[in-house]
Amino acid sequence: MEIKPGTLLSTVIYPSDLRKLDRSQLPQLCEELRQFIIDNVSIYGGHFGASLGVVEMTVAIHYVFNTPDDQLVWDVGHQAYGHKILTGRRSAFHTNRRYKGICGFPVRSESEYDTFGVGHSSTSISAALGMAIANNYQKLDKQHIAVIGDGAMTAGLAFEAMNHAGVSDANLLIILNDNCMSIDPNVGALKEYLTDITTSKTYNRTRNELWDFMGSYFGKSAQHRLSKLEAGIKGIITKSSNIFEALNLRYFGPVDGHNVLHLVDIFTDLKHIQGPKILHCITVKGKGYELAEKDQTKWHAPGLFDKTTGQIIKKAIDAPTPPKYQDVFGNTIVELAESNEKIVGITPAMPSGSSLNIMMKSMPNRAFDVGIAEQHAVTFSAGLATQGLIPFCNIYSSFMQRAYDQVIHDVVLQNLHVVFCLDRGGLVGDDGATHHGAFDMAYMRCLPNIVVSAPMNEEELRNLMYTAQLEKNNFPFSIRYPRGEGVMPDWKKAFTEIEIGKGRLVKKGDQVAILSIGHPGNFVAEASKLLMDYDITPEHYDMRFVKPLDEELLHKILKRFKKIVTVEDGCIKGGFGSAVLEFMADKHYTDIQVVRLGIPDRFIEHGTQKELQLECGFDAKAIAEAVKKLINNRIPASV
């Protein structure tokens, strides 16, 4: 379905076209851009509320600044849809986040206007500062703009960057997009601090009156002189210091982030103020779509919906469906915590995404959202563990990469009883390379002291969680599971302890053994059905643990089979298959053919999970094909 842009938007292919418009036309362009985003996302899906909240900001930035020569860095990119539409990608926008289409986040290979690839939060200030200092060094006269949300400001990286920027002469404008939301409502002292600033009516009224007066009677130069006194005025009126001024950043605001003409004036003024500075913009996530304004978490990425009624379109369900793995986690941790008072839950800003919100609602004093701060989440969990509590630290697999030093130094080195529940392990789908959980099994299994596991289904997830919290298992424990639904509608079974380091036989067979880890074991079951047409019956083992490997079971398998296939939803380099090969080398199994299936040694772009599993060659059909080739001796030995 072709979605036609409005009258003005149809004339804007690049920002150079936008700058040809009269400023009086900008409010209409904003409305057309907002409607174009609503039309596309309602039909094709994607992130929603964040981009609606920065429509006016996006238009004003590209109108005032000479992008791409002036360099704009978006934080994360949930908010960058308007930016993509105005920078040469409007005609391709219907392919956003679809297989082989444009990416849902800014990515350097896609456009010169995407100056920095993003997907994980809180990187924008560091990146833009690096650009600014590099251009100062090269004596290039460029503007540098970083747009960062107040949720992303909770990450330590943002403060590290501001601390550096404050002692530099970088020509850097930080735009703080303050809407009190990331995906879920923001938490912490910074949120309260920003609220104090934005709700100080005395300060805002006084500042605006002085600014207007000085401009009307004495011109812009007087306004600039007034801005130098602003820190003192803030301190007198609000009776508090300004954290940004304390970091030596010139602070301006707060201002209305939805008044495009006022933003144009402000950006024009700020272009002529040298050095690092921050503009505090107040916006509404979901602006212009009433339902999204009222329920900002639900409308962060709602899927397909009827834009007129707001009804979210769901697949017809004819029979009971399996739950999402995240919901199994969320309900199970509550069930375990009811019988074990030592259990607590931790998440870095993803309570609804991880379903820890279930525990936060039922046990608010035992579940903690620490904001976008994965490093803190891990070390905070370590601190809890030193006092005898059992923290379940729930972090998306790709986000755990941001806290790897803390995993090593603060948890594993000290052998603390922290249970890492790594959600979104494997290929996550439409969010693409920045969000795939490809590396966790490889980067976890190389560490001493830690157990690394992955359940094949919902029941196994429950039992691994039960096993991990037992008092005798007081060491680091990692459980990874994928995004999306499992395979068991009737999943809530009585808890059973799983012996650590022990796999299980799923299906007996001959000729070839398939060793799987985690959810892809279900693909093996499907592949086995396909192979029946060829009179091939592979023997299938669910290994459950990447570390420790079930060495006793491996010896039995390797003495019976000369052909082995390993299957994993993780990187082949250093992952589960590599662990099997290492075991074989160490134990001198040299006459066995091994085929490893998993995520290849490259970054995988976006698409549905099924499309990407097919591309990577470990869906059911690919497994069946690999088995046939191996049996027919068309694959050389791997060892």
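With in contact with a Cys (Cβ under 9 Å, 6 or more places away or on another chain) and either of a type in the set (Lys, Arg) or surrounded by 18 or more Cβ atoms within 10 Å (Cβ to Cβ) (or both) as the only criterion, which of LYS562, LYS547, LYS508 stands out? Walk me through it before giving the result.
Values: LYS562 fails: in contact with a Cys (Cβ under 9 Å, 6 or more places away or on another chain); LYS508 fails: in contact with a Cys (Cβ under 9 Å, 6 or more places away or on another chain).
Matching residue, one of LYS562, LYS547, LYS508: LYS547.
Kindly list, by first and then second residue, each pair from a residue in region 387-413 that is under 17 Å from CYS446 (Cα atoms) to a residue that is β-branched (Val, Ile, Thr), limited to pairs with Cβ atoms under 6 Å and residues at least 6 apart or on different chains.
Final answer for the pair search is ALA403/VAL378; GLN406/VAL378; GLN406/THR379; VAL407/VAL378; ASP410/THR379; VAL411/VAL418; VAL412/ILE450.
Tell me, yes or no, whether region 488-495 has at least one residue that is in a loop (DSSP other than H, G, I, E, B) and under 24 Å from PRO600 (Cβ atoms). Reasoning before the result, please.
Of region 488-495, the ones in a loop (DSSP other than H, G, I, E, B) are 488-495.
Of the ones still in play, those that are also under 24 Å from PRO600 (Cβ atoms) are none.
The answer is no, given that none of the residues of region 488-495 is in a loop (DSSP other than H, G, I, E, B) and under 24 Å from PRO600 (Cβ atoms).
When only residues in region 250-290 that are closer than 30 Å to ILE312 by Cβ and hydroxyl-bearing (Ser, Thr, Tyr) count, which is modelled with the highest pLDDT?
THR283
Restricting the search to region 477-500, which residues are within 15 Å of GLN609 (Cβ to Cβ) and hydroxyl-bearing (Ser, Thr, Tyr)?
TYR481
For region 296-310, what are the residues that are among the charged types (D, E, K, R), surrounded by 14 or more Cβ atoms within 10 Å (Cβ to Cβ) and over 18 Å from HIS78 (Cβ atoms)?
LYS307 - this is the single residue of region 296-310 that is among the charged types (D, E, K, R), surrounded by 14 or more Cβ atoms within 10 Å (Cβ to Cβ) and over 18 Å from HIS78 (Cβ atoms).
So which residues in region 470-487 are under 22 Å from ILE390 (Cβ atoms) and either assigned to a loop (DSSP other than H, G, I, E, B) or among the hydroxyl-bearing types (Ser, Thr, Tyr) (or both), if there are any at all?
LEU470, GLU471, LYS472, ASN473, ASN474, PHE475, PRO476, SER478, TYR481
Within region 244-259, is there a residue that is among the small types (Gly, Ala, Ser), surrounded by 19 or more Cβ atoms within 10 Å (Cβ to Cβ), touching a residue at least 60 places away in the same chain (Cβ under 8 Å) and more than 29 Å from ASN40 (Cα to Cα)?
Within region 244-259, one or more residues are among the small types (Gly, Ala, Ser), surrounded by 19 or more Cβ atoms within 10 Å (Cβ to Cβ), touching a residue at least 60 places away in the same chain (Cβ under 8 Å) and more than 29 Å from ASN40 (Cα to Cα).
With among the acidic types (Asp, Glu), in the same structural domain as VAL524 (by TED's automatic domain parsing) and closer than 25 Å to LYS529 by Cα as the only criterion, which of GLU611, GLU605 stands out?
Criteria check complete, one pass: GLU611.
Of everything in region 107-136, what is of a type in the set (A, V, I, L, M, F, W, C) and closer than 19 Å to LEU279 by Cβ? Give them in sequence order.
Matches in region 107-136: ILE125, ALA127, ALA128, LEU129, MET131, ALA132.
When GLY49 is evaluated against the numbered criteria (1) of a type outside the set (A, V, I, L, M); (2) under 28 Å from GLY432 (Cα atoms); (3) surrounded by fewer than 20 Cβ atoms within 10 Å (Cβ to Cβ), which criterion, by number, is the only one it fails?
All conditions are met except number (3).
Among the helices (runs of 4 or more DSSP H) lying completely within region 23-110, list those that include at least 1 residues that are within 21 Å of the chain's Cα centre (by Cα). Before the answer, list the steps.
Details: elements: 26-44, 49-52, 55-64, 81-84.
Once the helices (runs of 4 or more DSSP H) in region 23-110 are filtered for at least 1 residues that are within 21 Å of the chain's Cα centre (by Cα), what remains is 26-44, 49-52, 81-84.
Could you list, in sequence order, the residues of region 247-292 that are among the aliphatic types (A, V, I, L, M) and part of a strand (DSSP E or B)?
VAL255, ILE278, LEU279, ILE282
Restricting the search to region 590-619, which residues are under 16 Å from VAL512 (Cα atoms) and not charged (D, E, K, R)?
Selection gives ILE592, GLN593, VAL594, VAL595, LEU597.
Of the residues ARG97, ARG108, which is touching a residue at least 24 places away in the same chain (Cβ under 8 Å) and of a type in the set (Lys, Arg)?
Exactly one residue qualifies, and that residue is ARG97.
Any chance you could count how many residues in region 130-161 are surrounded by 24 or more Cβ atoms within 10 Å (Cβ to Cβ) and assigned to a helix (DSSP H, G or I)?
Here the count works out to 6.
Can you work out which of the residues in region 516-530 that are among the aliphatic types (A, V, I, L, M) and surrounded by fewer than 24 Cβ atoms within 10 Å (Cβ to Cβ) is farthest from LYS556 (Cα to Cα)?
LEU530
Modelled with pLDDT under 95 and more than 24 Å from HIS409 (Cβ to Cβ), is that true of SER352?
Considered against the rule, which asks whether it is modelled with pLDDT under 95 and more than 24 Å from HIS409 (Cβ to Cβ), SER352 comes out as yes.
Spot the failing condition for HIS62; the list is (1) modelled with pLDDT of 90 or more; (2) farther than 23 Å from ILE148 by Cα, and only one is missed.
Every listed condition holds for HIS62 apart from (2).
If you check ILE372, ILE346, ILE358, which single one turns out to be within 21 Å of LYS493 (Cα to Cα) and within 23 Å of the chain's Cα centre (by Cα)?
ILE358
I'm trying to understand the selection: among the residues of region 111-129, which are over 21 Å from ASN66 (Cβ atoms), small (Gly, Ala, Ser), modelled with pLDDT of 90 or more and not in a helix (DSSP H, G or I)?
GLY117, SER122, listed by residue number.
The values are calculated or read from the model by the stated rules, or taken from the named source; none is laboratory data. Given the structure is predicted, the values throughout are model-derived calculations rather than measurements. Note that we place each Cβ from the backbone using ideal geometry, even for glycine, and neighbour counts take in every protein chain shown.
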